[in-house]
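Asker: After the structure tokens below, expect a handful of questions from me.
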């Protein structure tokens, strides 16, 4: 559609600036590269907002009262068969338009913030090149017209994440973390790819438009196809979801995300909090019509994966002492809310409340979580440590960071009127009406969230103790505080966006009300969580130690993240490396190669053995000749004798 | 004069031109001029090929030429190219050029080295243009013999052992191949006028089913040895590890492709029935190659061994895809040949350059090279990303075409094996990132390495050329895919 032609620039700008900064960055002054990147992001942020405005308010709903999906442009990139081909293009519908706004806003804030945060770092230009690459990949992912385009950008996002985590490549821990992140998500992507292949084998298409049309005829070909007693379509959708499990760090693939905090903090804010990790949520949302109509049983599994992860991550977050790790587990927990919410959603109008709530939470979470990470970055910058023990009483030194951090904490804890309250409340309402077990998980998780976030807040900004700082911490510079203030405003007010009017399962607006019972419960549990944190951590007390003593087993387990890392290490080191790789390498050298060498040896030995036959000695030849003649004569006589008898 | 014959003639003239050369500069000039002429001709060929196709020439092979070579056995010097051969010739030209840059400072006996290298390229070019099976095998052997001397004389480590092993195993493979080809030859006609001509056999003299059944395994194995088919791949790690840089590049980049190309031209084209019925055996073997090579690579510590095992895995995928015998998978197989050729040449070039500076290839003795030689290190990361299939680089498009194509197979057995082959993408990521993390990232291990220098101009030229090709193919795969696809019209 012509109206949206300019939207293509949203993809082109970051791609071009990645190439420019990537190739010629080393000839630029750092500030030039940073400014170029920031300008490019500002331009596409404006374009994204114009696109969203036009999409929702100018073009608006179609004749049937629903928002229409618009294929802005697409072209064939690689043809496999007559029906299967990878197209690259841009597909606008409510959720991709939403994602454009979220990604560009957070990314712009991170670009501005990094100008101050990364000042003086070696590789400043490289950092901005990677940020552009990441923005490009993520934008390409959300506007994908087909599942293979999504896979392409999915992989690119993974690589950008790898590059940013390993930004401090001299640090062994950063290298290890980047490898872990890439390999774990690659492992999940393997399932995703197989899922795509199975799906396309039957449907003969990659195209989202065909796949997500309600009542699409392409699924007829799955009829009766089953594998190991489960329908093939369920397999396919399950496998595709596994890709989402990896990127969105759901259990048991969550292990890479906490380690990914080794990257520069603003990059963590962008990738590992606000945008990349929601790719899995977006994937399920994108394919939601298939899940809800064709494979509801998979949707149930999705709900449970989310529910269990949310409470698991919340428990772990309560015990961590590295502030970025607390935030990482909080991210896992909050993403799990979105996943659960999709799992408990139905289709159409109020039935699709979970879907709407999930996207709503994605929207609000992006802002407050980015704010939390950027705030954490400012704090780390001030005290030069990630550990809570190195902090305390910072409120008097860093007022802007403190107030914005507080807003974000209130938002994530779900205290009205901050944004998190509205989105979380819709999720809880959707779960409440669908599955009480999941509701219980999320409800307890909400209490824990309030607790660990305010534990963090009090430990950083209050927790009066006799701490002496080597040099007085000071508030960050304007390039860092301005993004904090902007994101603070978003975190405070984005809850008032009328989401049910914009993003729904079938594109038709509906009225969503706040359920007083659920809202009351969720506020209640949040307040209790905050109150406990207040008692325990506002001042240095002995209460935390006493509690730890009482539930030592749980605390130790949670502190060690329930030993998932050790489990994975065991599988990779002890099984895959020591039991598969090394034996294969040895087998190859000893047996396969040994066999080939022994062939050569046998040939050699045989010729050594028989070379004596041509010795040139007449006596030997004569002997062999006579012997042969004798044998022939005997044989001849024998056969004649037999003939006669 | 037929343009194709020039590809054999120019290197032959180069051989003559080397003879009077006394100084290393003259040798370089001849080598570089020849390589440049070849690449210009390869590009011209591509252009002429398109022109001819656009002019409406739909013949299967273009620029054909036929001359009787040995009357009584009906052996011809028959040549011609389709889109696939054009691309393979282009690949060869690129790798010979970059290989020349990579051995810019090679000592000693520079002249002899380049003469043997040129000899090898004659064999390769001849192989890709031949339409006559006998001529094909003739050129194949021409390409093999120089390898022995190149590794045995200019190699490192246990070079005599490796050279002997490589030559004997490949010779053993070609023994199988010869028997298979003679089997086909004697089945081409009931009356006695046999032919070696591939096109003629394919169009006019279908081979009898029973003959197909015993010749197919022989031909496939014969070429498979060169394509590093499990369990006949063991020449590859030793051979690559001992070979000098340019030879590794040419060997892994082009020579191993002869295996895939041969299977493609002879085994699959002339023996389609047996190919369908017996493919399951080889699917299992190639499936093993793919995973086995990848797992084997994880456990290695020598950079060249890692890359050699990785080649076993990637070339296994080529043969795997060929056996699927459908349009998409075979297109993918040829793309993988190109992609692997470029990628692996880049790897071996970089390993050679790193080895030339640090004098070690053991990853336990290397570390933090990113700080010391950023250009080479970044190039290595790019090569690694191409190898693990990053979209936008060549590996991705080739592998995806193979996977999508292979998964279209109507039998479940083949689809399950496809999934097994796909799992190699995870294992590949493991060994690539292991190397990148170990040798490029992290702190500098060896203090002496801090004084080393980054790439010089001719090294940069080689690396940039290869990266440009890898990225070009990854970003614009459409025309390559179409060019290959249009040459596969005989497959539904």
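Quick note: the coordinates plus some simple rules give every number you see, no bench work behind them. None of these values were measured; they are calculated from a predicted model. With ideal geometry, Cβ positions are generated from the backbone for all residues, glycine too; neighbour counts draw on all protein chains shown.
Asker: By the gyration tensor of its Cα atoms, with a ≥ b ≥ c the square roots of the eigenvalues, what is the shape of the protein assembly as shown: rounded for a/c under 1.5, prolate for a/b over b/c, or oblate?
Answerer: Working: a/c = 2.06, a/b = 1.87, b/c = 1.10.
It is prolate, given that a/c is not under 1.5 and a/b is the larger ratio.
Asker: Between 0 and 90 degrees, rounded to the nearest ten: what's the tilt of helix A:419-432 against the longest Cα principal axis of chain A?
Answerer: Taking Cα atoms only, the helix is inclined about 60 degrees.
Asker: Okay, next question. Restricting things to alpha carbons, tell me how big segment A:563-645 is in terms of Rg and Dmax, in Å.
Answerer: 29.7, 91
Asker: Turning to a different aspect of this structure: What shape does segment A:53-201 have by the C-alpha gyration tensor, where a ≥ b ≥ c are the square roots of the eigenvalues, rounded means a/c under 1.5, and otherwise prolate means a/b greater than b/c and oblate the rest?
Answerer: oblate
Asker: From the C-alpha gyration tensor of segment A:181-225, pull out the three semi-axes of the equivalent ellipsoid (sqrt of 5λ each), sorted largest to smallest, in whole Å.
Answerer: 26, 12, 7
Asker: Continuing with this model, one more query. For A:38, A:321, B:418, what ranking results if the residue with the fewest other Cβ atoms within 10 Å of its Cβ goes first?
Answerer: A:321, A:38, B:418
Asker: On a C-alpha basis, how far is the centre of segment A:494-520 from the centre of segment A:533-574 in Å? Whole number, if you could?
Answerer: Cα centroid to Cα centroid, the span is 37 Å.
Asker: What's the Cα-based Rg to Rh of chain A, Rh via Kirkwood? Please report the intermediate quantities before stating the final value.
Answerer: Numbers: Rg = 31.7 Å, Rh = 27.0 Å.
Dividing the radius of gyration by the Kirkwood radius yields 1.18.
Asker: A follow-up question, please. Rounded if a/c is under 1.5, else prolate if a/b is larger than b/c, else oblate: which is segment A:132-185, with a ≥ b ≥ c the root eigenvalues of its Cα gyration tensor?
Answerer: Oblate is the answer for segment A:132-185, as a/c is 1.5 or above yet b/c matches or exceeds a/b.
Asker: Determine, for A:472, A:45, A:331, B:118, the number of other Cβ atoms within 10 Å of each Cβ, and report the residues in order from fewest to most.
Answerer: Least crowded to most crowded, the residues run A:472, A:45, B:118, A:331.
Asker: At what distance in angstrom do the alpha carbon centres of segment B:431-492 and segment A:85-155 lie from each other?
Answerer: 25 Å
Asker: Let me ask something additional. Distances longer than 19 Å among the Cα atoms of segment B:136-207: what percent of all pairs is that?
Answerer: 50 percent
Asker: Any idea what the relative contact order of segment B:3-488 is, in percent, if you count C-alpha pairs under 8 Å spaced at least 6 apart?
Answerer: 15 percent
Asker: Once you put a point 7 Å from the Cα of residue B:26 and another 7 Å from the Cα of residue A:75, both along the Cβ direction, what distance in nm separates them?
Answerer: 5.2 nm
Asker: Sticking with this structure for a sec: Determine, at each q value in 0.16, 0.17, 0.20 (inverse angstroms), the log₁₀ of I(q)/I(0) that the Debye formula gives when each Cα of segment B:94-143 is one equal point scatterer.
Answerer: Taking Cα atoms of segment B:94-143 as identical point scatterers yields -0.51, -0.56, -0.69.
Asker: For chain A, find the longest principal axis of its Cα atoms and tell me its angle to the long axis of helix A:323-343, 0 to 90°, nearest 10.
Answerer: 90 degrees
Asker: Helix A:478-493: angle to the longest alpha-carbon principal axis of chain A, degrees 0 to 90, nearest 10?
Answerer: That works out to roughly 80 degrees.
Asker: Simple spin-label model, 7 Å along Cα-to-Cβ: residue A:636 to residue B:413 in nm?
Answerer: 5.6 nm
Asker: How much of the pair distance distribution for chain B lies past 30 Å, counting alpha-carbon pairs only, in percent?
Answerer: Result for the distance tail: 42 percent.
Asker: Given contacts defined as C-alpha pairs under 8 Å and at least six residues apart, what's the relative contact order of chain A, whole-number percent?
Answerer: That works out to 12 percent.
Asker: Taking just the alpha carbons, could you work out the radius of gyration and Dmax for segment A:137-256, both in angstroms?
Answerer: Just the Cα atoms of segment A:137-256 yield Rg and Dmax of 16.5, 55 Å.
Asker: Further question: Can you list, largest first and rounded to whole Å, the semi-axes you get for segment B:108-265 by taking the square root of 5 times each eigenvalue of its Cα gyration tensor?
Answerer: 32, 16, 11
Asker: Helix-only estimate, please: 222 nm mean residue ellipticity of chain A, summing -39500 (n - 2.57) across DSSP H runs of length 4 or more and dividing by its residues, to the nearest 500. Could you put the intermediate results ahead of the total?
Answerer: Details: 26 runs with 418 residues, N = 645.
Computed ellipticity for chain A at 222 nm equals -21500 deg cm²/dmol.
Asker: Using just the helices of chain B, give the 222 nm mean residue ellipticity in deg cm²/dmol: DSSP H runs with n ≥ 4 each add -39,500 (n - 2.57), and the total is spread over all residues, rounded to 500.
Answerer: On the way: 21 runs with 346 residues, N = 492.
Rounded to the nearest 500, the figure is -23500 deg cm²/dmol.
Asker: For a footprinting-style exposure proxy, rank B:50, B:125, B:148 by other Cβ within 10 Å, fewest first.
Answerer: B:50, B:148, B:125
Asker: I've got another one for you. Give me the distance between the Cα centres of segment A:427-493 and segment B:54-115, rounded to whole Å.
Answerer: Answer, in whole Å: 67.
Asker: Determine the principal axes of the Cα atoms in segment B:8-149, then give the extent along each, sorted from largest to smallest and rounded to whole angstroms.
Answerer: 48, 39, 22
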